[in-house]
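**Student:** Can you read through this structure? Questions will come right after.
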Amino acid sequence: MAQPMFDADALITMFEHASARQGTQLKKAVGDATLAALQGRELTLKNIRTTLKAVAEAASAGAAKNVMPGVDAGELLDRAVAGMDDALLKAVQANRVALEKLVAQGADLREKHVKKALDDLDRFEDTMFAALKKAAAGVEGPLAGAWDQVLQKMQAGGTVSGAQAAQTVEQLAEQMQGAMRSTRAASVRAAQALAESYTAMVSGVLIGMADALQGAAPKPPPAPRKAAGK
């Protein structure tokens with residue numbers, strides 16, 4: 001299994017030595033680490049879940065060691081969750097860009113790859129919650145109580161990325177239905193080919209978005225795995 005591409009030790013150290021006034025820095029560090037890990041693989045629900053769990057475990061391990069005065073473990077975990085939410089919001093935006101390309105090529109909701117992409121996008125928030133819950137499952141002591149509070153807060157209020165994902169699914173579904181009624185074009189084969197390479201396309205979009213923010217040259221998307229026996 002491919003390992004998440006982020007420096008877990010650096011993240012642990014940062015949370016271990018964080019002061020009460022470093023919330024913004026922690027949030028950005030977690031967001032950057034999560035985004036870096038997501039960029040190293042296809043943007044599937046399984047890979048998102050694995051990445052979020054690994055980042056959460058690193059932040060949690062650091063928070064458990066923090067003995068700085070005035071530091072609240074729950075606040076540290078809140079910052080970690082907010083950072084992961086920011087990274088996942090970029091993943092939602094990358095999905096939107098890729099899906100809009102499919103719409104422009106004549107894709108519609110009857111195609112299984114498109115339907116799966118929308119279904120997966122709608123499950124982003126549940127995937128994040130499941131990953132964090134699993135990361136918190138092995139925690140003991142005071143930090144376990146802090147995780148319980150963070151998870152209850154997240155479940156009650158939702159996430160920014162989850163809300164954006166739900167809105168994106170609704171809007172794109174409407175666009176596709178409208179396009180299907182107005183033009184059932186001859187570009188169906190092209191749309192199907194794009195849909196079949198959807199996760200790789202989203203990964204490429206996500207990499208391009210992050211590189212644009214950093215002023216770096218775009219990197220190619222990860223190569224799709226070859227099927228066994230080929």
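Where a number appears in this text, it was derived from the coordinates with a stated rule and is not lab data. Owing to the predicted nature of the structure, the values given are computational and were not obtained by experimental measurement. As a convention, Cβ positions derive from the backbone with ideal geometry for all residues, glycine included, and neighbour counts pool all protein chains shown.
**Student:** Hey, can you rank 81-87, 99-105, 7-13, 63-69 by average C-beta count inside 10 Å, highest first? Let's see the in-between values first.
**Tutor:** On the way: 81-87: 23.3, 99-105: 18.4, 7-13: 16.3, 63-69: 14.0.
Highest to lowest by the protection proxy: 81-87, 99-105, 7-13, 63-69.
**Student:** Within the set Lys65/Lys90; Lys28/Lys112; Lys46/Lys90; Lys28/Lys90; Lys90/Lys133, which residue pairs have Cα atoms separated by over 25 Å?
**Tutor:** Lys65/Lys90; Lys28/Lys112
**Student:** Please compute the net charge surrounding Ala29, taking Lys and Arg as +1 and Asp and Glu as -1 over other residues with Cβ under 12 Å from its Cβ. Intermediate values should be presented prior to the final figure.
**Tutor:** Details: positive: Lys27, Lys28, Arg79; negative: Asp7, Asp32, Asp86.
With Lys, Arg at +1 and Asp, Glu at -1, the neighbours total 0.
**Student:** Now a separate question. Charges at C-beta only: +1 for Lys and Arg, -1 for Asp and Glu. How large is the resulting dipole of segment 8-214 about its Cα centre, in Debye rounded to 20? Could you put the intermediate results ahead of the total?
**Tutor:** Numbers: 23 positive and 24 negative charges, 105 e Å.
Dipole size: approximately 500 debye.
**Student:** What order, most packed first, do the peptides 111-120, 154-163 have when packing is the mean number of other Cβ atoms within 10 Å of each residue?
**Tutor:** Numbers: 111-120: 17.4, 154-163: 15.8.
So the peptides 111-120, 154-163, ranked by packing, come out 111-120, 154-163.
**Student:** Follow-up question, since we're still on this one. PRE reach from Arg21 (point 7 Å along Cα→Cβ): which of segment 68-85 fall under 15 Å by backbone N?
**Tutor:** 69-71
**Student:** Roughly speaking, what % of Cα-Cα pairs in segment 8-214 are separated by over 25 Å, rounded to a whole number?
**Tutor:** Values: 8711 of 21321 pairs.
In whole percent, the long-distance tail amounts to 41.
**Student:** Which values of log₁₀ I(q)/I(0), to two decimal places, follow from the Debye formula for segment 53-135 at q = 0.15, 0.16, 0.20 Å⁻¹ with a uniform point scatterer at every Cα?
**Tutor:** Ignoring solvent entirely, the Cα scatterers give -0.66, -0.71, -0.91.
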